[in-house]
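Structure first, commentary second.
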């Protein structure tokens, strides 16, 4: 699995930024490759998984994101599982 890290400085309250990044329904607002959320979990408990539709290289693809055990979040960027 490919992992990508990005760093940015944002002039906003850290709680507001974390809230935006972890709001599954708003992923397409800040991630240009995501076109829509197809499935979202009821909550982001460990083990929660969501499915998004992305548009990359001229083709729609389905991506899955999940919250692993612990406090880290993995956000979908290119998992091509159906």
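The values are calculated or read from the model by the stated rules, or taken from the named source; none is laboratory data. Since the structure is predicted, the reported quantities are computational estimates derived from the model, not experimental observations. Glycine also receives a Cβ, built like all others from the backbone with ideal geometry; neighbour counts cover every protein chain displayed.
Across the stretch 37-46, what is the total count of residues that are more than 12 Å from residue 64 (Cα to Cα) and in contact (Cβ under 8 Å) with a residue 12 or more places away in the chain? Show your work before the answer.
In the first step, residues of the stretch 37-46 are kept if they are more than 12 Å from residue 64 (Cα to Cα); the result is 42-46.
Remaining after also requiring in contact (Cβ under 8 Å) with a residue 12 or more places away in the chain: 44-46.
Residues meeting the conditions: 3.
Can residue 17 be described as outside any loop (DSSP other than H, G, I, E, B), touching a strand residue (DSSP E or B) at 6+ places or on another chain (Cβ under 6 Å) and either touching a residue at least 60 places away in the same chain (Cβ under 8 Å) or surrounded by 11 or more Cβ atoms within 10 Å (Cβ to Cβ) (or both)?
Judged against the criteria, residue 17 is not a match.
Residues in the stretch 29-44 that are surrounded by 15 or more Cβ atoms within 10 Å (Cβ to Cβ), within 11 Å of the chain's Cα centre (by Cα) and either assigned to a loop (DSSP other than H, G, I, E, B) or at pLDDT below 90 (or both): 31, 33, 40.
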